[in-house]
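First up is the structure itself, then whatever we jot down about it.
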Amino acid sequence: MEQQNKLLAQALSEAKANSQNDVIRSASLDRGARERLVGAGYLEEVMRGWYLLTTPSGVGTTTLWFRSYWEFIKQYLDALG
């Protein structure tokens, strides 16, 4: 259990470091970290390859989406070209 908590904490640190205003592209995380964070509720998928960094208690609310909408649009369009 302690090892799992360390891995989750490490994945969360990596995600926070690679996110911009809580928007993160899956390419900036390794697969194990991404799966750990999704399973624990720390990442919410916006669309394939794009996630919002959240807290597990915030699942199911729209507040996160409304707070991050314009930042996501900006980063998505920048990534397109």
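Worth a mention:
- A 1.4 Å probe, protein heavy atoms only, puts the accessible area of residue 72 near 10 Å².
- The packing ranking, built from the mean of other Cβ atoms within 10 Å per residue, places the peptides 27-33, 10-16 in the order 10-16, 27-33, highest first.
- Rounded accessible area per residue of the chain, 1.4 Å, Å²: 67
- Rounded accessible area of residue 73 (nearest 10 Å², 1.4 Å probe): 40
- For residue 73 and residue 1, a Förster radius of 41 Å and the Cβ-Cβ distance give a FRET efficiency of 0.55, rounded to the nearest 0.05.
The values are calculated or read from the model by the stated rules, or taken from the named source; none is laboratory data. As the structure is a prediction and not an experimental result, all values here were calculated from the model. In this analysis, Cβ positions are derived from the backbone assuming ideal geometry, glycine residues included, and neighbour counts consider all displayed protein chains. Side chains included, ligands, DNA and RNA excluded: accessible areas come from the protein's heavy atoms. Shrake-Rupley method; radii C 1.70, N 1.55, O 1.52, S 1.80 Å.
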